[in-house]
Amino acid sequence: MKLASPAPLSVWRPLALDDFLVGAPHYPEHVDDGYWQRDAERMAAAGFNVVRMGEFAWHILEPREGVFDFSLFDRAIAILGQHGVNTIFCTPTATPPRWLTATYPEVLRVDEHGRTASHGSRQHADTASPVYRLHSRRITTALAEHYRDNPHVVGWQTDNELNTTVSTSYSEATLREFRRYLRGRYATIADLNYAWGGDFWALAYDSFDQVVLPLTGAPGHPSPGHVQDFHRFLAAATAAFQHDQVEILRAANPDWFVFHNLGRLVDIDFRGEFGHDLDFLGFDIYPMLYDEMQRTGGHAATQALHLDVCRGFSGNFIVPEQASGFGSQPAFSTMTPEPGEMRRMAMSSVARGADGLMFFRWRPAHFGAEIYWMGIIDHDDVPRRRYEEAARFASDIARIKRELLGTSVRMDVGIAGADFDNQEAYKTYPIGLPSPLEDATRLHRYCYEHGIACGFIHPEDDLSRLKLLYIPHWLMWKPEWDERVEAFVRAGGTLVVGAMTGTRDADNHIIRTQAPGPGLAGLCGVRVEEFGRVAEPGSDGLFPIQAAELGQNKPAERPPAGSTKRRYRFTLGNREHETAHLYELLETEPDVEAIGHWSNRFASGRAAVTSREVGAGRAVYVGTYLTDTLVEGLADQLFPTAGVAPLVPDLPPHVEVALREAEDRKLLFLLNTDAEPVTVPDVPAGTELLTGRPVEGALPLEAYGCAVVRLS
Ligand code: GAL
């Protein structure tokens with residue numbers, strides 16, 4: 001199954017597996033074994049080749065401390081194996097059994113209000129706890145030794161969605177580990193005091209033993225340096241917890257692949273030890289849930305955004321949990337995919353880099369906190385439309401997989417992403433401004449809707465395949481990236497740098513020279529003289545500001561109408577734009593062209609957007625945050641000269657397009673994300689692989705229809 005050890009992390013990296021994994025997370029422990037034979041037959045008939053099991057079953061695998069019983073899973077794995085369905089097993093550490101938390105209560109997380117986590121849900125044990133790590137190593141070792149020679153166990157998932165329910169803990173045990181981490185990070189307490197700004201508000205410590213955990217609102221704000229290091233610690237602890245498991249699994253059987261299924265991307269540094277340890281990442285995708293949680297307006301674009309973000313960490317991935325139907329936990333429920341839409345959503349995952357996919361879940365639970373989280377088979381054990389669609393998807397994959405595997409996803413526009421420090425630096429001090437991801441989402445959405453190949457990429461990755469790179473307000477721009485982006489520009493690339501980039505160093509101190517720091521300032525020929533806040537378009541002043549952000553207990557009140565609102569405008573091309581969030585006044589070098597100007601109030605006439613020719617490319621600086629109209633303006637101004645164009649011309653609304661390519665082949669995915677049939681008017685010549693028909697010109701797509709064209 002596994003062809004090679006993982007190549008270095010890169011957005012361009014395909015999976016090194018010899019087959020496309022297709023199947024479902026499966027919980028044989030939720031039904032009696034009378035179901036199992038029929039389940040296996042139905043999975044085989046649907047074309048499944050894999051299931052995932054065991055992630056919440058520690059209490060069955062080790063019913064009492066040191067007493068193991070794998071018999072239930074041995075039998076389930078064997079029956080599935082007889083039908084050609086392999087198993088991915090999971091380390092079951094998201095849900096420690098009750099005996100463990102009762103005997104070792106120090107492993108339980110404590111929240112910021114001092115409440116100790118309770119048994120009965122999940123992720124209540126702290127992955128930073130040395131005692132919990134010991135038990136994690138014990139159960140992983142027992143499982144690895146038991147399954148090392150089982151031919152049907154082909155790979156492993158570590159834990160389940162680490163940090164998704166909660167990532168923090170404020171227990172005594174966590175504090176001890178935090179102090180230990182800091183002792184490793186700083187040679188002396190004076191170094192820590194310098195990094196955290198010990199002379200501000202008398203926060204300096206006399207020794208590491210005095211260091212506290214950062215609490216917001218108790219009563220004011222901790223230092224950004226303190227908060228950043230707490231999150232670095234949590235990420236390091238999460239990586240170390242996983243590393244224990246990976247080491248044990250790899251020693252037991254080096255042919256196993258090992259991955260983790262990401263959920264919420266919290267306190268994990270995927271491009272650090274966490275990602276290097278794995279063969280590939282898994283990303284669980286619930287487009288309708290994510291869209292509702294983030295109110296991003298459209299689950300198809302939201303799905304694309306999440307997957308493109310994920311691919312930025314380490315390249316192609318698998319989707320261990322792909323939404324299949326209605327989903328709920330007691331406090332919420334999601335919209336329901338319409339007929340054909342489950343297959344379309346799965347195909348969108350493939351278009352954006354999935355080299356394996358499992359539909360969550362084989363059948364829904366009859367008990368517990370997810371009784372209405374539907375699966376492929378219904379509660380009454382009857383396969384209906386979701387089963388038919390899963391089978392259709394599996395047969396689609398059978399048609400395309402030979403050409404699909406080994407390809408990577410085309411990106412003409414890259415957005416700087418996948419950097420833990422920059423993500424956290426923003427969060428330590430958000431001041432009501434959009435996060436880098438929120439800002440980048442506007443550009444991503446524009447590209448998605450216009451059929452432009454776009455994704456996320458880390459500056460340390462291979463930038464040479466991009467035409468344009470956007471840096472969305474990376475506060476902690478690192479000097480070691482300067483040379484790489486300059487080489488990209490000199491070779492013909494277009495670099496676009498957003499406001500506030502490069503304003504802080506690795507300790508979260510504001511730099512002592514003008515932004516954006518010597519490297520980017522030298523490249524763009526721009527220095528920031530002044531910055532200030534502006535109201536969002538359409539808003540009444542600077543509100544809403546979250547009361548919690550202010551560290552106050554009373555809700556923020558709106559200012560009286562007309563009190564503080566200031567609007568700044570600028571021109572770009574032949575259009576005047578209203579500014580959002582922030583303005584910057586720029587000093588420019590003589591060879592820098594101002595392509596946008598502030599156009600009212602005191603800033604009138606000053607440069608707002610600049611461009612400088614460097615080598616065969618250009619470096620653009622944007623002295624404000626993105627709005628939808630500014631993205632349109634930048635696209636009009638920059639895309640034609642950068643060579644950025646849609647993958648197909650005249651893309652109709654609601655059609656998603658993506659290209660997967662290798663040196664000798666290009667697969668164009670065209671996906672109708674709507675219930676109305678549509679025709680794509682101008683598709684390049686090729687063969688549509690799902691039907692085997694030749695295509696050139698108009699290509700009709702049924703409701704939620706999918707086409708994969710191998711271009712000639
Ligand atoms: C995922 C999780 C699953 C299940 C699913 C539906 O986040 O990994 O165990 O809870 O969501 O809620």
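Any read-out appearing in this document is the output of simple, stated calculations on the displayed coordinates, not a laboratory observation. Since the structure is predicted, the reported quantities are computational estimates derived from the model, not experimental observations. Backbone-built Cβ (ideal geometry, glycine too); neighbour counts: all protein chains shown.
Potential lengthening of the chain between PHE68 and ASP111 amounts to 12.3 nm, from the contour at 0.36 nm per residue minus the alpha-carbon distance.
Which FRET efficiency, nearest 0.05, do ALA44 and LYS401 yield, Cβ-Cβ r, R0 22 Å?
Working: r = 17 Å, r/R0 = 0.79.
The value I calculate is 0.80.
Cβ-Cβ distance of ALA240 and GLU529, R₀ of 60 Å, FRET efficiency by 1/(1 + (r/R0)^6): the value works out to about 0.85. Compared with the alpha-carbon gap, the fully stretched path from GLU438 to ALA369 is longer by 21.7 nm at 0.36 nm per residue.
Anything in the chain that counts as a DSSP H helix reaching 30 Å or more along its axis (C-alpha) with Kyte-Doolittle mean of at least 1.6? List them, would you? List each step's numbers first, then the result.
Details: long enough: 224-252 (42 Å, -0.03).
For the chain, where a helix must reach 30 Å along its axis and average at least 1.6, there are no hits.
For the pair region 424-472 and region 628-694, the centres of their Cα atoms are 20 angstrom apart. The C-alpha radius of gyration of region 1-89, expressed as a fraction of 2.2 N^0.38 Å, stands at 1.29.
Given R₀ = 41 Å, what would the calculated FRET efficiency be for ARG385 paired with SER118, taking r from the Cβ atoms and rounding to 0.05? Plugging the Cβ-Cβ distance into 1/(1 + (r/R0)^6) gives 0.60.
Remark on the chain: hydrodynamic radius 27.0 angstrom, per the Kirkwood mean of 1/r across alpha carbon pairs.
The convex hull defined by the C-alpha atoms of region 655-711 has an orientation-averaged projected area of 3.5 nm².
Taking 18 Å as the straight-line reach from the Cα of LYS427, the aspartates and glutamates in range (excluding those fewer than 8 positions away in the same chain) are GLU112, ASP229, ASP267, ASP269, ASP419, GLU438, ASP439, ASP505, ASP507, GLU549. Loop-located GluC sites (Glu not before Pro) in region 681-712 (DSSP state other than H, G, I, E, B) with a sparse environment of at most 14 neighbouring Cβ atoms within 10 Å: GLU702. Pairwise Cα separations in region 400-545 fall into 10 Å bins from 0 onward with the following percentages, short to long: 10, 36, 35, 14, 4, 1.
Using the Cβ atoms and a cut-off under 9 Å, what net charge is assigned to the surroundings of HIS243, where Lys and Arg are +1 and Asp and Glu are -1?
Numbers: positive: none; negative: ASP244, GLU247, GLU273, ASP277.
Computed value for this residue: -4.
For the chain, CYS90, CYS310, CYS524, CYS706 stand unpaired, since no other cysteine beta carbon lies under 4.7 Å from theirs. A helix-only calculation puts the chain at -9500 deg cm²/dmol for mean residue ellipticity at 222 nm, using -39500 (n - 2.57) for each DSSP H run of at least four residues, averaged over all residues. Counting only Cα atoms, region 233-360 measures 45, 31, 27 Å along its principal axes, largest extent leading.
Sequence-distant contacts, meaning Cα pairs under 8 Å at least 6 residues apart, place the relative contact order of the chain at 11 percent. For a paramagnetic label modelled on ALA491 (point 7 Å from Cα along Cα→Cβ), amide N atoms under 13 Å away belong, within region 605-633, to 616-617.
By the equivalent-ellipsoid construction on the alpha carbon gyration tensor, region 305-367 comes out with semi-axes of 23, 13, 12 Å, ordered largest to smallest.
What stretch of the chain, leaving out the sites themselves, is the longest with no chymotrypsin sites (Phe, Trp or Tyr not before Pro) in a DSSP loop having at most 10 other Cβ atoms within 10 Å? Display every interim value, and only then the final one.
Values: sites that count: PHE200, PHE367.
That would be 368-712.
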